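**Student:** Below are the structure tokens for one structure; questions will follow.
The values are calculated or read from the model by the stated rules, or taken from the named source; none is laboratory data. Just so you know, these numbers come straight off a predicted model, no measurement behind them. All Cβ positions, glycine included, derive from the backbone under ideal geometry; neighbour counts span all protein chains shown. Only protein heavy atoms, including side chains, enter the accessible area calculation; ligands, DNA and RNA are left aside. Shrake-Rupley method; radii C 1.70, N 1.55, O 1.52, S 1.80 Å.
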Amino acid sequence: MIEAKGLMVFYENMIALNNVSLRCGDKKIVGIFGANSAGKSTLMYTLSGVILDIQRKEEMRGGERVTVFSEINYDGEEISKLKPHERAGRGMILCPERRRIFAESSVLENLKIGAYLATKKEARETLRYIFSLFPTLERLKDRQGGFLSGGEQQMLAIGRALMAQPRLLLLDEPLLGLAPSIQKDVIRAIKEIQRDRGISIIVTEQYARPVFPVVDYAYILENGSAVMEGEGEELMNNPDVKSAYFGV
Ligand code: ATP
């Protein structure tokens, strides 16, 4: 469904992505794992096209020079020149790191904002699905986003992304700052979204262990380079990966 080749991103002269190639098949879950600053968010921005906005904004305000080389084939179409909203219109939806929900708006309003690409019927049906996936959100539907816990905000961010009718969901560090019990709920939801909705998912995380069991394929990112890749289990049992990412 998506194949990216030779992605390169420079912030001025600093290389943030160095010749990264990856694929994610139809209805698959692909994990991207790497430490702080490995380039995970930059990779998500490059796939979703947000990097082009960052590049343009920096250019307009005379800031740093952002250089991007990318070749991205999505469902048989070369999309690397497409704007983020054009990619979103084709079903590539980014759920950014740190959630970015609207603090002043209620849970329901936040979800409805996500439905800008959906028909009324799709929005109604997706809302029902989100409430079955995260019953907490239904209970809190009138609460302001800013009053939610970190875990509830993450559920809301995922819900909002689902409202946009993704075919490929890009989840940037969804477990960041969450307690282990809440992490489990989010991981279960990721698996269910793939299974129930047939959505492909690319998920980044710093810590691989909690996510490995649900990924079909994984890449390890180090200093902007994809240094290892493989099926979830196979990679998890690789001694190099174990020592680097599981501390054993
Ligand atoms: P984190 O887990 O901290 O979010 P990450 O793996 O998502 O890290 P990126 O945010 O993609 O990593 O950053 C990769 C590198 O690029 C880092 O060294 C970071 O400091 C740098 N970087 C990211 N955004 C910019 C920017 N707008 N300008 C300059 N450097 C940047």
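Here's the yes/no breakdown for (1) under 30 Å from Arg209 (Cβ atoms); (2) charged (D, E, K, R):
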| site | (1), (2) |
| --- | --- |
| Ala88 | no, no |
| Thr126 | no, no |
| Tyr129 | yes, no |
| Ile158 | yes, no |
| Ala164 | yes, no |
| Arg167 | yes, yes |
| Leu171 | yes, no |
| Asp185 | yes, yes |
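**Student:** Quick one: count up the residues across the stretch 147-180 that are within 16 Å of the ligand (Cβ to nearest atom) and either closer than 17 Å to Ser105 by Cβ or of a type in the set (D, E, K, R) (or both).
**Tutor:** Adding up the residues that qualify gives 4.
**Student:** Scan the stretch 36-66 for residues that are open to solvent by less than 40 Å² (accessible area, probe 1.4 Å) and either over 17 Å from Val203 (Cα atoms) or in contact with a Cys (Cβ under 7 Å, 6 or more places away or on another chain) (or both) and jot them down.
**Tutor:** Ile51, Glu58, Gly63, Val66
**Student:** Working only within the stretch 12-35, note down all residues that are surrounded by fewer than 16 Cβ atoms within 10 Å (Cβ to Cβ) and within 8 Å of the ligand (Cβ to nearest atom).
**Tutor:** Glu12, Met14, Ala35
**Student:** Further, regarding this structure: So, in the stretch 41-67, of the ones that are farther than 28 Å from Arg195 by Cβ and small (Gly, Ala, Ser), which residue ends up nearest to the ligand (Cβ to nearest atom)?
**Tutor:** First, pick out the residues of the stretch 41-67 that are farther than 28 Å from Arg195 by Cβ: 42, 51-67.
In the following step, the residues that additionally are small (Gly, Ala, Ser) were identified as 62-63.
Numbers: Gly62: 14, Gly63: 8 Å.
Here the answer is Gly63.
**Student:** Also: Of the conditions (1) part of a loop (DSSP other than H, G, I, E, B); (2) under 26 Å from Leu22 (Cα atoms), Lys191 satisfies every one except a single condition; which number is it?
**Tutor:** The one condition Lys191 does not meet is (1).
**Student:** Here is a follow-up. Tell me which residues, restricted to the stretch 159-196, are surrounded by fewer than 17 Cβ atoms within 10 Å (Cβ to Cβ), closer than 15 Å to Thr126 by Cα and touching a residue at least 60 places away in the same chain (Cβ under 8 Å).
**Tutor:** Across the stretch 159-196, the qualifying residue is only Asp196.
**Student:** So Met8 clears everything in (1) away from the ligand (no atom under 11 Å from the Cβ); (2) surrounded by 23 or more Cβ atoms within 10 Å (Cβ to Cβ) except one condition, right? Which one?
**Tutor:** Among (1) away from the ligand (no atom under 11 Å from the Cβ); (2) surrounded by 23 or more Cβ atoms within 10 Å (Cβ to Cβ), the lone unmet condition for Met8 is (2).
**Student:** Taking the conditions exactly as written (in a strand (DSSP E or B), on the phi < 0 side of the Ramachandran plot and either away from the ligand (no atom under 13 Å from the Cβ) or in contact (Cβ under 8 Å) with a residue 40 or more places away in the chain (or both)), does Ala38 satisfy them or not?
**Tutor:** Values: in a strand (DSSP E or B): no; on the phi < 0 side of the Ramachandran plot: yes; either away from the ligand (no atom under 13 Å from the Cβ) or in contact (Cβ under 8 Å) with a residue 40 or more places away in the chain (or both): yes.
Judged against the criteria, Ala38 is not a match.
**Student:** Which numbered condition trips up Gln144, out of (1) open to solvent by 60 Å² or more (accessible area, probe 1.4 Å); (2) within 16 Å of the ligand (Cβ to nearest atom)?
**Tutor:** Against the list (1) open to solvent by 60 Å² or more (accessible area, probe 1.4 Å); (2) within 16 Å of the ligand (Cβ to nearest atom), Gln144 comes up short only on (2).
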